[in-house]
Structures are given as C-alpha cells and as structure tokens.
Amino acid sequence: MVRHCPEQAFFNLDPRCIFHCAYCNSPLLDMSEDKHLSTEKIMDMLRESVSEHDVKAVSFTSGVVGSVDSTVERFVDVVKAVRSEYPNMPIGVEPYVSSRGHIEMLKAAGADEIKLNIETPRKDIFERVCPDLDYDGIWGLLEDAVDVFGKGRVISNIIYGMGESDSDLEDAMEKMCSIGVIPGLRALRTNGINSEQLTSAIGHPEPVTPARAMRLADMQKSILSKHGLSTLTSVTMCMECGCCDLVPFRDL
C-alpha cells in the first residue's frame, strides 16, 4: 500500500463538500476539517512515496469547497506540478466539473484519465440522492470527456443498491459503453454517518448480496467486451486499485 492504494498514490485534495449527496459522508463533515493539502505538501508526500515504493500512478479526487471553478483550478495546479516533476507518471483525476472547459483544462494540465460519476442509473433516484447536481448534464459531460480524453480513458461510477433494477444498470452501462465510457459498479455502503440521510432519501436500502454483485460484474464484463472496452486500459484510480469493487478482466 502506497497512499490509499496498492502501487498508487491517491490523494483526496479536500474531504469536505458543498453538495449534499445522500450516500456521501463529505457534506456532513465540519467545514473546518481541512487536511491543508497544498500542492507543495502533496509533492513532498509524493516524493517520499516514490523514494520508498514502486509508485505506478498518481490519482486525485476532491469534494467541492468554495466553487466548482476553484476546485478544478486546484486539481489543475497539482496535476501540473506532478506532470512537471514526473513526466512519465500516469495521472488520474476524479473531479466534479460543470463544463467542457473544465475537462479541457484538466487534460491540458497533464491528466491521462478522468472519472465523472453518474452515481445511479435512474434519474428519479439521482434527484433524490443528489439534489444539488444535474443528471442530464453529467451525461453530456461524459461525452465531452470522451472527446477530450479518448475512448476508454473516461470512467464513471454507478452505485447500486439504491432501489434500481439489474435492467436499469444494464441500460446505463450499455449507454456508457456506446459512447466510450468505462462504467464502474460500486455497491452502496452504509454507515453510522450516512444511514439517516439515505433512509430519508430512498427508504431503507436493501443490502447488496454477493450473488447480485457477481451477477452484475459478469454483466459489466459482457457489455464492456461487446463495445470493445476493457478495464485493463485504465492505469489509474479505482480500476487499477481494485480494492473496493469487483473489477472485470482483473477479478473475473
């Protein structure tokens, strides 16, 4: 384990967030809980990791604090710093963006892969669990991201266990793969922090069974193959890490 991931330095620029997605703990954190991870501090941590481990990739995620624009600018700053010092290091970013311009900024800074999360296959569920965000807008931005980063270099998480059917997930994965996006399936995780807001948004979620997880992973692999995509092309972030989810072509 390097930083958060095996063979990968994965940094959360800021755990706090101004949005209020029901499954996420970030908006419930005290806004004073800043890790104070400046670009300089991240670079010091990265240098230490590189000196002590075989670091194969660097990845960044973040909540949105202040504004989307300022958060994207923070990503850009740290990506530029990594790219300048480690020109051959794969870099992945998992931001929240609101325009094609944000995507182009991240690519120009030196990011190799981008993850823009649709979160759930159904718009009606999305509007309950992510009331501050724009479901249709994210789909449009995923298409923009493929234009900018390329087919197979864009990933999108879909959380399952919030009331959707397998058919809903199949339709969303087909749509993603048809435009060159790799879908990442993630089982809903509940805890003492997010359980109350999840119940308020969607009722009591039905636990995800191992049988369903395996069934969906097989479906995911089949759909990826049908569209000429593979998780093996992803060299940063969650597909490369593989610790939280079943990853087709790697785990099965």
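The values are calculated or read from the model by the stated rules, or taken from the named source; none is laboratory data. All values derive from a computational prediction rather than experimental measurement. Ideal geometry is used to build each Cβ from the backbone, glycine not excepted, and the neighbour counts take in all protein chains shown.
Within the stretch 236-246, take every residue that is modelled with pLDDT under 95 and assigned to a loop (DSSP other than H, G, I, E, B) and give me the one that is surrounded by the fewest Cβ atoms within 10 Å (Cβ to Cβ).
Ranking the candidates gives Cys243 first.
Residue check, Lys226 against (1) over 21 Å from the mean Cα position of the chain (by Cα); (2) within 20 Å of Glu94 (Cα to Cα); (3) among the basic types (Lys, Arg), all met but one. Which one?
Here Lys226 clears every test but (2).
Looking only at the stretch 149-170, count every residue that is closer than 23 Å to Gly92 by Cα and either out of contact with any strand residue (DSSP E or B) (no Cβ under 8 Å at 6 or more places or on another chain) or surrounded by fewer than 16 Cβ atoms within 10 Å (Cβ to Cβ) (or both) and tell me the total. Lay out the reasoning, then the answer.
Step one: of the stretch 149-170, the residues closer than 23 Å to Gly92 by Cα are 149-159.
Narrowing further to those that are either out of contact with any strand residue (DSSP E or B) (no Cβ under 8 Å at 6 or more places or on another chain) or surrounded by fewer than 16 Cβ atoms within 10 Å (Cβ to Cβ) (or both): 150-151.
Adding up the residues that qualify gives 2.
Please work out if Met173 is within 16 Å of the chain's Cα centre (by Cα) and crowded, with 22+ Cβ neighbours inside 10 Å. Don't jump to the end; show me each part of the working.
Working: within 16 Å of the chain's Cα centre (by Cα): yes; crowded, with 22+ Cβ neighbours inside 10 Å: yes.
It is true that Met173 is within 16 Å of the chain's Cα centre (by Cα) and crowded, with 22+ Cβ neighbours inside 10 Å.
Give me the pairs: first residue in the stretch 28-48 and farther than 15 Å from Asp14 by Cα, second residue part of a helix (DSSP H, G or I) and modelled with pLDDT of 65 or more, beta-carbon distance under 6 Å, and six or more apart or on different chains, which are they?
Matching pairs, first to second residue: Met43/Ala81.
For the stretch 192-210, name all the residues that are in contact (Cβ under 8 Å) with a residue 24 or more places away in the chain and either among the aliphatic types (A, V, I, L, M) or surrounded by 13 or more Cβ atoms within 10 Å (Cβ to Cβ) (or both). Before the answer, list the steps.
Let us first name the residues in the stretch 192-210 that are in contact (Cβ under 8 Å) with a residue 24 or more places away in the chain, namely 193-194, 197-198, 200-203, 205-208.
The answer is Ile193, Asn194, Gln197, Leu198, Ala201, Ile202, Pro205, Val208.
With the condition kept exactly as written, say whether any residue in the stretch 211-225 is free of Cβ contacts under 8 Å to residues at least 60 places away in the same chain, in a loop (DSSP other than H, G, I, E, B), surrounded by 12 or more Cβ atoms within 10 Å (Cβ to Cβ) and of a type outside the set (S, T, N, Q).
Just the residues of the stretch 211-225 that are free of Cβ contacts under 8 Å to residues at least 60 places away in the same chain, to begin with: 211-225.
Still in the list and also in a loop (DSSP other than H, G, I, E, B): none.
Looking for residues that are free of Cβ contacts under 8 Å to residues at least 60 places away in the same chain, in a loop (DSSP other than H, G, I, E, B), surrounded by 12 or more Cβ atoms within 10 Å (Cβ to Cβ) and of a type outside the set (S, T, N, Q), one finds none in the stretch 211-225, hence no.
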